[in-house]
Amino acid sequence: MQRLLCGGAVAVFLAAIVFVPLRASAPSGAIFTTVSDGSEVNYNIYSAKEDVYLDGGPGPGAPQGAAGLDDGVYVYQVTDPSGKTLLSTDPVACRQFTISGGIIVSTAPSTCAVPHVTGTDVDHGDQGAITVQLFPFNDTPNNGGEYKVWVTMLADYVCNDNLALVDCGAKRGGTAHGFVPRHTKTDNFKVRGTPREIDTRFRDANWDFLDGRMITWNDTLGASNNKWSYEDLALDIHHEAHVENVENGTHQITVANQAGCIVGAIYVGGVLQPKTGPQTISIVVDQNFVGDTLFLDVVCQ
């Protein structure tokens, strides 16, 4: 599917500049969905729910030495993109995994009646890295076929004293089924459907692309994830830090100074923003944004 520079469709978005600090309480690194061997899927759009696996680490396109997830025990859930409807159907005790050295190395205890299927990560299999099948989970009520996977450390899960529960409660303590957004990594995926993306490209003074540069995405609920710019022609990824299958609402893209990039000018949908330097771009996505991509271009000094 062709990706479009939404210069003529910026009305779909209300883009504003706000200065918001990075969420220091979320785990480091990133989560992302893959197939069983850790390979990415074009646009994060899968043919069937059983095809979707969870992977963790620095993330696709991250430079050598980038941080993976903090070591420890985590739990996860699948919801609709609003977070209102829990779609995972098995107890939280069966939705655990352990991170060691920044990669997933084991899953929940084998006492689960039906343990989640695992795969071997093609990139780090020699280090014992695995992927975890997210199924079982129910169909999303979202008309666009969108899902959201949440990952938080077990210590931050509100109902960690009773892992036999399936659902900690839709709004218990201001959380989404026991997941505190500011302590959580999220990623969106679809089972069939069309892409909806916010993609950030980093450029040098000559407007040439720079890969291995990071943005932090805060979703509409306040959870976050890190994304890096890279190229993969087979997946139609052209030097982008891509946030895929975005839900309706306000998303924030934080661009910080980093190795190889002192942030200068930023363009949103081809429109030069009034301020330069590190900042957070707020982007409102509505129902008119269908099958398209909004590009952010960051000029590095």
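The values are calculated or read from the model by the stated rules, or taken from the named source; none is laboratory data. Just so we're clear, the structure is a prediction, and the values are computed from it rather than from any experiment. Virtual Cβ from ideal backbone geometry, glycine too; neighbours counted across all protein chains shown.
Tell me, yes or no, whether the range 249-260 has at least one residue that is in contact with a His (Cβ under 9 Å, 6 or more places away or on another chain), hydroxyl-bearing (Ser, Thr, Tyr) and closer than 29 Å to Leu54 by Cα. Full working, then the answer.
From the range 249-260, those in contact with a His (Cβ under 9 Å, 6 or more places away or on another chain) are none; that's our starting set.
No, there is no match, as no residue in the range 249-260 is in contact with a His (Cβ under 9 Å, 6 or more places away or on another chain), hydroxyl-bearing (Ser, Thr, Tyr) and closer than 29 Å to Leu54 by Cα.
Which of the residues that make up the range 173-188 are under 17 Å from the mean Cα position of the chain (by Cα) and of a type outside the set (Lys, Arg)? Of everything in the range 173-188, those that are under 17 Å from the mean Cα position of the chain (by Cα) and of a type outside the set (Lys, Arg) turn out to be Ala176, Phe179, Val180, Pro181, His183, Thr184, Thr186, Asp187, Asn188.
Scanning the range 107-142 for residues that are within 12 Å of Pro91 (Cα to Cα) and either touching a residue at least 40 places away in the same chain (Cβ under 8 Å) or among the charged types (D, E, K, R) (or both) gives Pro136, Phe137. Across the range 45-59, the qualifying residues are those that are in a loop (DSSP other than H, G, I, E, B) and farther than 27 Å from Cys168 by Cβ, and the one among them that is nearest to the chain's Cα centre (by Cα) is Gly59.
For beta carbons closer than 7 Å, sequence separation of 6+ or different chains, a first residue in the range 83-94 that is not assigned by TED's automatic domain parsing to the domain that holds Pro141 and surrounded by fewer than 22 Cβ atoms within 10 Å (Cβ to Cβ) and a second that is part of a strand (DSSP E or B) and modelled with pLDDT under 95, there are no qualifying pairs.
Out of Gly222, Gly249, report the one residue that is surrounded by fewer than 20 Cβ atoms within 10 Å (Cβ to Cβ), touching a Pro at 6+ places or on another chain (Cβ under 6 Å) and touching a residue at least 12 places away in the same chain (Cβ under 8 Å). Walk me through how you get there before you give the answer.
On the way: Gly249 fails: touching a Pro at 6+ places or on another chain (Cβ under 6 Å).
Going through Gly222, Gly249 in turn, the sole match is Gly222.
With respect to Ile266, determine if the residue is out of contact with any Phe, Trp or Tyr (no Cβ under 8 Å at 6 or more places or on another chain), aliphatic (A, V, I, L, M), in a strand (DSSP E or B) and touching a residue at least 60 places away in the same chain (Cβ under 8 Å). Judged against the criteria, Ile266 is not a match.
Let's see how each residue does on (1) at pLDDT 90 or above; (2) more than 14 Å from the chain's Cα centre (by Cα); (3) among the aliphatic types (A, V, I, L, M); (4) not in a loop (DSSP other than H, G, I, E, B):
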site: Ser36; (1), (2), (3), (4): yes, yes, no, no
site: Ser39; (1), (2), (3), (4): yes, yes, no, no
site: Tyr43; (1), (2), (3), (4): yes, no, no, yes
site: Gly61; (1), (2), (3), (4): yes, no, no, no
site: Ala67; (1), (2), (3), (4): no, yes, yes, no
site: Val73; (1), (2), (3), (4): yes, yes, yes, yes
site: Val78; (1), (2), (3), (4): yes, no, yes, yes
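Out of the range 127-156, which residues are surrounded by 19 or more Cβ atoms within 10 Å (Cβ to Cβ) and of a type in the set (A, V, I, L, M, F, W, C)? Steps first, please.
If we filter the range 127-156 for residues that are surrounded by 19 or more Cβ atoms within 10 Å (Cβ to Cβ), which is where we start, we get 129-134, 137, 140, 142, 146-153, 156.
Result: Ala129, Ile130, Val132, Leu134, Phe137, Val149, Trp150, Val151, Met153.
Yes/no per residue for (1) under 30 Å from Ile99 (Cα atoms); (2) in a strand (DSSP E or B); (3) in the same structural domain as Ile99 (by TED's automatic domain parsing); (4) among the small types (Gly, Ala, Ser):
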{"position": "Ala170", "(1), (2), (3), (4)": "yes, no, yes, yes"}
{"position": "Lys185", "(1), (2), (3), (4)": "yes, yes, yes, no"}
{"position": "Trp207", "(1), (2), (3), (4)": "no, no, no, no"}
{"position": "Thr216", "(1), (2), (3), (4)": "yes, yes, no, no"}
{"position": "Asn225", "(1), (2), (3), (4)": "yes, yes, no, no"}
{"position": "His239", "(1), (2), (3), (4)": "yes, yes, no, no"}
{"position": "His242", "(1), (2), (3), (4)": "yes, yes, no, no"}
{"position": "Glu247", "(1), (2), (3), (4)": "yes, no, no, no"}
{"position": "Gln252", "(1), (2), (3), (4)": "yes, yes, no, no"}
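With respect to the conditions (1) of a type outside the set (Lys, Arg); (2) assigned to a loop (DSSP other than H, G, I, E, B); (3) touching a residue at least 40 places away in the same chain (Cβ under 8 Å); (4) more than 22 Å from Val151 (Cβ to Cβ), Phe202 falls short on a single one, namely (2).
Scanning the range 254-263 for residues that are in contact with a Lys or Arg (Cβ under 7 Å, 6 or more places away or on another chain) and in a loop (DSSP other than H, G, I, E, B) yields one hit, Gly260. Considering only residues in the range 165-198 that are touching a residue at least 60 places away in the same chain (Cβ under 8 Å) and hydroxyl-bearing (Ser, Thr, Tyr), the one that is farthest from Trp217 (Cα to Cα) turns out to be Thr194.
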